[in-house]
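Taken together, the values in this text are just the output of simple stated rules run on the coordinates, not laboratory data. Please read all numbers here as calculations on a predicted model, not as lab measurements. As a convention, Cβ positions derive from the backbone with ideal geometry for all residues, glycine included, and neighbour counts pool all protein chains shown.
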C-alpha cells in the first residue's frame, strides 16, 4: 500500500532543498548592488573638485550603503549578523556604517520554544520536567548559532544557563561563507590589496567548530583552569560547566549575574554616578585592564585563547568584575606564530620598524610594497592591524583610500590562523573606543611578550 500523499510535506521538502539557492541569490543580488554602487560613485565623485563637497558626497554614499548592508544582514540573519559584528566598528568602517550596524549585534530571532524543547529533550534523552525544577520559556538571548535560557536543575539551589543550538542553521551558514569566499577572491584581485580569502577560510574553520558544544565545554574548562593557575585571582570570571549536561548541541553551565558591557553607561547613570567623573573612569579602566591582561596571557603565554570578545560576550558583575562568556570560537596558535606575534608586540611597543618587518617574515605575512618609506608604512600597517591604539593621523583602516597603508604596502599572503588574533585586537579596540579610553595593548602586553620570548631563549634576537 502506498503511503498517504501530503502536498504540504512535498512543499516543505522542496523549500528546504532550495533554501541555499535562494539565499545565495539574495546575497549576490545585494552584494553586486552595493559594490557597483560604490564603483559608479567613485567615477562620479572624481568630477567634483571641491574637497568639502566631495566629503559630503562620500558621507551620503556611505549612508545609502549602510542602509543596504543593514537590510541584507537583518533579512538574511545568521552568519551575516557575525559580519555586522566584524565590520561595524569605528576603525574598520565609515561612521555611517557603524551607526547603522552596531544595533544589529546578537539580534537573531529566537527559535520557538516548542522546537528548542524537542532539541533539548532529544539531546539529553529526558523530558525537561525530569531534569529541571524551573525552565524559563523566554530566552535570555538569541545569537546566530544558539539561544540561551535560564533554568534551575532539580535538587539544586543555584541557577544555570542552558545553551541550545538552532536546528538546521549549520548548512545555511556554510552556504553564506562559501558565497563570501567567492566575493573575497574577487575583491582582493580588483580593489583591496589584502589576502581576504585566507581570512574567510579561517572564518569557515572557526564557525564550523562553533557547532560542537562538547568542544566548547572543553575550551571553557581549559581557559578557566589556565587563568586560575596563572593568577592569584582570575582577572575575569569563566562559567563553570555542568559536565554531565553537555552534548554536541546542548551546553549547561553556571549562571553568572551581571549586566552586558553595552549597558554599562546606562547602569552608571542609573546609580547616580557621573559618567565622566573619576569613579566611572576608574571602573572603566579596571574593566579594560582585566580584559587586556587576560588576552595578553592567553595569546602570548599559552597560545590558546577565547577569540570572540565582542560586547555581547562580556558581562560586568559586582565590583567591576568582568565575566567572559561564549567559548565557541577559540584558537590554538602554533608555537611559531605565538612567538612571532610576541616579537611583533615588542616591536610595536618599542616603536621598532625593523623588528616589525622581521616579525612579518616570521609570521608568514607577505607584502608587495613599492612605496617610499616602505619600512615606516609597513610599521604603520602593523600598528593599525595589531594594536588597540591607532597610529597618528589614522582613524580607520580605509582599505579603498589611496593614502592608506594597506593600499601602499599590499598584503599578498596572510596566515589564516592569525586572523583570530587580528579580530581579537580589533574587538578590544572597539571596546576601548566605546569606553572612551585610548590605550595601547602592545604596551600592556610587552612584559608578557618578553617573558614568552625569554622562555623560548630568544629575547635578545
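Taking the DSSP beta bridges with both ends in the chain, the antiparallel portion is around 90 percent. Shape analysis of segment 118-180 places it in the prolate category; the axes a ≥ b ≥ c from the Cα gyration tensor give an a/c of at least 1.5, with a/b above b/c. Kindly provide the helix-only [θ] at 222 nm of the chain, computed as the sum of -39,500 (n - 2.57) over DSSP H runs of four or more divided by all residues, to the nearest 500 deg cm²/dmol? Calculated mean residue ellipticity at 222 nm is -18000 deg cm²/dmol. Sorting 421, 246 from the fewest to the most surrounding beta carbons within 10 angstrom yields 246, 421. Extension gain, residue 454 to residue 412: 0.36 nm times the residue separation minus the Cα-Cα distance gives 12.0 nm.
The Kirkwood hydrodynamic radius of segment 123-254, based on inverse pair distances between different Cα atoms, is 17.3 Å. Ranked by how many other Cβ atoms sit within 10 Å of their own Cβ, fewest first, the residues 284, 82, 318 fall in the order 318, 284, 82. Report the far tail of the P(r) of segment 276-371, meaning the percent of Cα-Cα pairs longer than 16 Å. Counting pairs separated by more than 16 Å, the tail of P(r) holds 66 percent. Here 372, 22 are placed in order of increasing Cβ neighbour count within 10 Å, fewest first, which gives 372, 22.
If you plug the beta carbon distance of residue 52 and residue 190 into 1/(1 + (r/R0)^6) with R0 = 30 Å, you get a FRET efficiency near 0.55.
Residue 218 versus residue 368, label points 7 Å from Cα toward the beta carbon: distance in nm? Each label point is offset 7 Å from its Cα along the Cβ direction, giving 3.9 nm. So if we plug the beta-carbon distance of residue 232 and residue 376 into 1/(1 + (r/R0)^6) with R0 = 51 Å, what FRET efficiency do we get, rounded to 0.05? Calculated value: 0.75. Across the chain, the convex hull enclosing all Cα atoms gives 182 Å³ per residue. Cβ-Cβ distance of residue 40 and residue 351, R₀ of 45 Å, FRET efficiency by 1/(1 + (r/R0)^6): the value works out to about 0.60. The gain in end-to-end length when the residue 33 to residue 170 segment is fully stretched comes to 46.7 nm, 0.36 nm per residue minus the alpha carbon separation. The slack in the chain from residue 87 to residue 270, taken as 0.36 nm per residue of separation less the alpha-carbon distance, amounts to 62.8 nm. One Cα centroid belongs to segment 149-209, the other to segment 29-99; the line between them spans 23 Å. When the label point is put 7 Å from the Cα of residue 281 along its Cα-to-beta-carbon vector, which residues of segment 410-437 have a backbone N closer than 15 Å? Hits in segment 410-437 for residue 281 at 15 Å: 435-437. With Cα atoms as the point set, segment 256-461 shows a radius of gyration and Dmax of 17.8, 56 Å. Rg and Dmax of segment 181-303, based on Cα coordinates, read 19.6, 54 Å.
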